[in-house]
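**Student:** Let me give you the structure first, and then I'll get to my questions.
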Amino acid sequence: VIDVHKMCLLWFRFLHVLVCECVPLPDSGQIHSPQCPQLYPVNLQKQWEISVPDGFQINLTFTHLDIKSSIILYILSLQVLYDEKVLGKFCGNENSADGHHPGYQPILSPGSRLTLIFQSDDNNPDRNQNVVFSAQYQAIDKDECSAPKPEDGSGPLCSQICLNTLGSYLCACHHGYELRSDQRTCMLSCGSGVFDELEGHLMSPGYPNPSPDALSCQYIISVESGFTLSLNFSDKFHIESVDTEEGLNCPHHWLEVIIPGRNPMKLCGGTSPGLINTNSNIVKLDYNIDNQGQSNGWSLDYSTHRVTCPVPGQVAKGKVTPSLTEYFYRDYIFVRCDEGYKLMMDGVELMGFSTMCQSNGEWHLPLPECHIIDCGEPEPLLNGGVNFLSGFQNQYLSVVQYHCNEPFYSPYGGNNVSLTCEADRRWRSNHDVILRPACLPVCGRPTKQNENHFQRIIGGNDAGEHTIPWQAFINVGNSRGGGMIIADRWILTAAHVVVMNGQVQTPEAFSIHFGRTDVHQILETPSLNATAVHVHPQYNNPNGLNYDHDIALIKLKDPVTFEAAIMPLCLPSEDDTYDSGMIGLVSGFGITDKGNQRRFLTNKLKYVHIPVVEQERCSNSLKLIPRSRKPIVTDNMFCAGTPEGGKDSCQGDSGSGFTLQSEDGRFWAAGIVSWGINCGQKGTYGFYTKVANYVDWINKIMREN
């Protein structure tokens, strides 16, 4: 009893099945006597219905059976029924201790249902008796295909092939047959079969056994365009034929191979045709047998090969890759040009090129050409030009050389630059650096020199053409002044030329001319426009006695091109000095005289050579001037002239240059005509702004503006 109680408690713990009379149970589970593990009640009839899905059977196994014996079996018993058929009746407790009770063999239901009926009598069972049963059931798949043929003569489930499935079965047919609508029986079928896989196997119905009579089968092998089919017939080939004097004849049985674009091939006899290369992606097979004679048929394996394209030609100055002996459908080739060449097709440049082998055996694009690249015209050089040294029409590896318009410009770095047209279509001085050449103005080297006559400007010599090419002629209202060209857009002059009544004149007030030595010719040429005027910030001369910092810069609106008549003057360098006695050149369009104290503004550019005077003598020349009328002298100015007088600059020359010449022949701006007392008189000198003191300021103004 203890064992029974443990068993019943275990089943309750894991299954929790509520059993009701005549209620179908799940597909698997356990059934036990009522009120287990308590004693069953008296006068009780209990019925269980077990139902599983169609196509399944019920396997019932008793794990314990101990029913009190009864004189009347139907009064105290357990019955197992399928429909109304009794599959088992159990009572008593024989051999139940070791499990070998009358129900130890499993019961398998013929169908998907089972009924269990338990009947108790009116006797109270002894509490010491084992009055209980327990059983397990499970749905199992029914193997319909292994069942014997029905006795009613209705035939097998499937006429040819039966395939068991979970809970059911499927019928199938042999090659050359197809399933009828009843899904059980098979009928012959070999028409309209289409095979589109790249490989496959075909055979006649019944092969290698004789084919059924009166066949008309059609097979179509159709694969993707771009592939060609090969048919490989097996050695076992038999189609009824007739031998005639003309040879083998196929009057009643034949296999016809139809390839587009070719004559059909009618096959029969006992010799296999072997391998047939069709060179087509479509093949039609017609197999015909009349109702007489016998043919064992045929079988074949078919395979495919990709269509081939012709080997491409060569590309001049280029390379075709990959280089193969054969090219097939969907293969790609690429064309790359040699260094210095570009891909071209129909006059259009290509960034890259590839072409594919098409299904028709042709390349989808023709090969391009490789044309030599060109770098285009070399960038023009301001104030210079370019010469071709080698090559043709700016093409790859052409070499050009830049030059400057000498003697007015010189190449940056001192040497002319040679450039080569490289593969990246750039002109380069070498493979790594792109050098942009530049032409720098040549300063202080006029193409002609004045003779060294030491006459004064007042009554001095006329300057020859191109001898003082840095001279500027400046008109400001009714006043005349001068200046020096120091860059293509900058004029150096005196501050008092551009400042009147304490006000810096506007750029529009200036009329500026270059390149002429005659005022009449100058005034006939268009004036250059000024765009800005920069006066030294420390210049302050309200009473006309303080010319310290007498320096200014005028910026031109447009740059000028230097030539023989217009060249810049050099600024002082660190090596340039103002040694006493050095002869300088002063020029200008200021007052001159013709003797007898007659003075007037000249219409010709004049020049004079005068020496630099030591600073102490410059100061001493002003001792006789009353303090109230004596201008101040600073280290920002120097004086020049001769003690006997007669050689000096004068009114109208203001802003013009006092130039010195270095040992290498270069003229440089030593001074700016600033002020003086009684032009050209004995014991007086002209005073000049010392340009060397202002080089940093000059460069700063030009750099920032």
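**Student:** Of Leu389, Val417, Gly655, whose Cα points farthest to the positive end of the dipole of the chain (charges on the beta-carbon: +1 Lys, Arg; -1 Asp, Glu; origin at the Cα centre)?
**Tutor:** Projecting each Cα onto the dipole axis, the largest value belongs to Gly655.
**Student:** If we count other beta carbons within 10 Å of each Cβ, what is the order of Ser573, Ser527, Ser120, fewest first?
**Tutor:** Numbers: Ser573 11, Ser527 14, Ser120 23.
So the residues, fewest neighbours to most, are Ser573, Ser527, Ser120.
**Student:** Given R₀ = 22 Å, FRET efficiency for Lys236-Asn291 by Cβ-Cβ distance, to 0.05? Present the calculation step by step, with values, prior to reporting the outcome.
**Tutor:** On the way: r = 24 Å, r/R0 = 1.07.
Rounded to the nearest 0.05, the efficiency is 0.40.
**Student:** Let's test the formula: R0 of 22 Å, r as the Cβ-Cβ distance of Gln395 and Gln314. What FRET efficiency results, to the nearest 0.05?
**Tutor:** Details: r = 22 Å, r/R0 = 0.99.
My answer for the efficiency is 0.50.
**Student:** Something else: Cα centroid distance between the range 346-396 and the range 476-493, in Å?
**Tutor:** Taking the Cα centre of each part, the range 346-396 and the range 476-493 sit 53 Å apart.
**Student:** Evaluate the distance, in nm, between pseudo-label points positioned 7 Å from the Cα of Glu663 and of Lys623 along their respective Cα→Cβ axes.
**Tutor:** That separation, rounded to one decimal, is 3.7 nm.
**Student:** Would you calculate the separation in nanometres between label points at Asp488 and His201, each defined as 7 Å from the Cα along the Cα-to-beta-carbon direction?
**Tutor:** Taking the simple label geometry, Asp488 and His201 are separated by 8.9 nm.
**Student:** Per DSSP H run of at least 4 residues, take -39500 (n - 2.57); add these up for the chain, divide by its residues and hand me the 222 nm value, nearest 500 deg cm²/dmol. Could the numbers behind the result be given before it?
**Tutor:** Working: 5 runs with 40 residues, N = 705.
Value at 222 nm, helices only, nearest 500: -1500 deg cm²/dmol.
**Student:** I've got another one for you. Once you place label points 7 Å from the Cα toward the Cβ at Arg180 and Gln160, how far apart are they in nm?
**Tutor:** A separation of 1.3 nm, rounded to one decimal place.
**Student:** Sort the following peptides by mean Cβ neighbour count (other Cβ atoms within 10 Å, averaged over residues), highest first: 613-623, 247-257. Walk me through the intermediate numbers first.
**Tutor:** On the way: 613-623: 14.6, 247-257: 16.9.
With the highest mean Cβ count within 10 Å placed first, the list reads 247-257, 613-623.
**Student:** Quick check: residue separation of Asp635 and Asn415 times 0.36 nm, minus the Cα distance between them. What number comes out in nm? Please list the in-between numbers first.
**Tutor:** Details: separation 220, 0.36 × 220 = 79.20 nm, distance 4.00 nm.
Full-extension gain reported as 75.2 nm.
**Student:** How high is the FRET efficiency from Asp696 to Thr577, r the C-beta distance, R0 22 Å, rounded to 0.05? Mind dumping the intermediate values first?
**Tutor:** On the way: r = 18 Å, r/R0 = 0.81.
For R0 = 22 Å, the calculated efficiency reads 0.80.
**Student:** Classify the range 461-702 as rounded, prolate or oblate from the Cα gyration tensor: take a ≥ b ≥ c as the square roots of its eigenvalues, call it rounded if a/c is under 1.5, otherwise prolate when a/b beats b/c and oblate if not.
**Tutor:** On the way: a/c = 1.31, a/b = 1.26, b/c = 1.04.
Rounded shape, in that the Cα axes give a/c under 1.5.
**Student:** Also, I was wondering about something else. What's the ranking of 219-231, 340-352 by average number of surrounding C-beta atoms within 10 Å, highest first?
**Tutor:** Numbers: 219-231: 17.8, 340-352: 13.0.
The densest-packed peptide leads the list: 219-231, 340-352.
Just so you know, all these numbers are worked out from the coordinates, no wet-lab data involved. Computed from a predicted structure; not experimentally measured. Cβ coordinates were reconstructed from backbone atoms using ideal geometry, including for glycine residues, and neighbour counts include every protein chain displayed.
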